[in-house]
């Protein structure tokens with residue numbers, strides 16, 4: 001796996017230099033190599049870096065998609081440090097979008113998790129975390145910040161993981177409702193555990209789109225689309241796009 005880790009290292013360095021074109025190219029290369037070789041333990045890392053790069057470029061929906069998929073992998077292999085890093089990324093997205101209380105809640109949850117597991121965030125994630133935390137402190141009054149931080153520190157981690165992607169792309173929620181968790185779980189169960197982005201790709205496959213057309217529609221590289229298609233086939237236990245299309249029609253994904 002030396003080549004995939006080398007690409008990951010170069011991609012991370014490019015993020016530090018704000019060379020996002022280079023960062024995306026190398027992180028996508030690393031991600032593709034890890035997927036091809038079944039290195040599930042490492043897939044979190046390039047996804048997380050792609051999320052950070054997208055967030056720093058103001059591509060918030062794309063960043064959320066990367067962090068959501070990374071969370072999915074971290075949860076599957078029980079990688080709690082990865083979970084903390086992905087949640088920190090989503091907190092950064094929330095703060096970048098002006099959802100300050102949501103962001104501070106998520107960062108509070110991250111603080112609780114990293115103290116529990118006794119590890120630090122990776123260097124790039126840590127830099128993003130502290131930068132976002134400073135934004136939250138500067139934009140919220142002391143009382144509001146303290147309340148949001150305390151709420152985040154006491155939130156149920158399973159609920160945080162389930163709801164975080166929707167929280168950062170929507171209005172600030174006043175409370176975390178069990179019904180919202182149930183709805184999100186029901187969606188994942190209905191669609192074979194596919195993430196939101198994977199469902200989008202599956203819907204376009206169902207509509208007969210090629211990888212190139214899907215890439216254009218979702219503003220992704222063809223390599224990223226190929227990776228998503230491979231992930232969909234793996235999760236659904238299929239070996240061909242035609243099977244995905246038939247499954248998608250049955251699930252109502254083929255509607256334009």
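Brief remarks follow.
- Which listed residue, of 89, 51, 58, is under 16 Å from the mean Cα position of the chain (by Cα), within 23 Å of residue 200 (Cβ to Cβ) and in a loop (DSSP other than H, G, I, E, B): 58
- Looking only at the stretch 190-210, and only at residues there that are under 19 Å from residue 47 (Cβ atoms) and in a helix (DSSP H, G or I), the one that is modelled with the lowest pLDDT: 196
- Some residue of the stretch 2-21 being modelled with pLDDT under 90, more than 14 Å from residue 168 (Cβ to Cβ), within 10 Å of the chain's Cα centre (by Cα) and surrounded by 22 or more Cβ atoms within 10 Å (Cβ to Cβ): no
- Scan of the stretch 43-61 for residues that are touching a residue at least 24 places away in the same chain (Cβ under 8 Å) and surrounded by fewer than 21 Cβ atoms within 10 Å (Cβ to Cβ), ordered by number: 56, 57, 58, 60, 61
- Scan of the stretch 227-256 for residues that are crowded, with 17+ Cβ neighbours inside 10 Å and either outside any helix (DSSP H, G or I) or in contact (Cβ under 8 Å) with a residue 60 or more places away in the chain (or both), ordered by number: 227, 231, 253, 254
- Condition broken by residue 85, with the remaining ones in (1) under 23 Å from residue 135 (Cβ atoms); (2) at pLDDT below 90; (3) crowded, with 24+ Cβ neighbours inside 10 Å satisfied: (2)
- Residue 187 falls short on exactly one of the conditions (1) at pLDDT 85 or above; (2) surrounded by fewer than 20 Cβ atoms within 10 Å (Cβ to Cβ); (3) in a helix (DSSP H, G or I), and that condition is (1).
- Members of the stretch 24-43 that are more than 17 Å from residue 72 (Cβ to Cβ), in a helix (DSSP H, G or I) and modelled with pLDDT under 85: 36
The values are calculated or read from the model by the stated rules, or taken from the named source; none is laboratory data. Everything numeric here is computed off the predicted structure, so don't read it as measured data. Note that we place each Cβ from the backbone using ideal geometry, even for glycine, and neighbour counts take in every protein chain shown.
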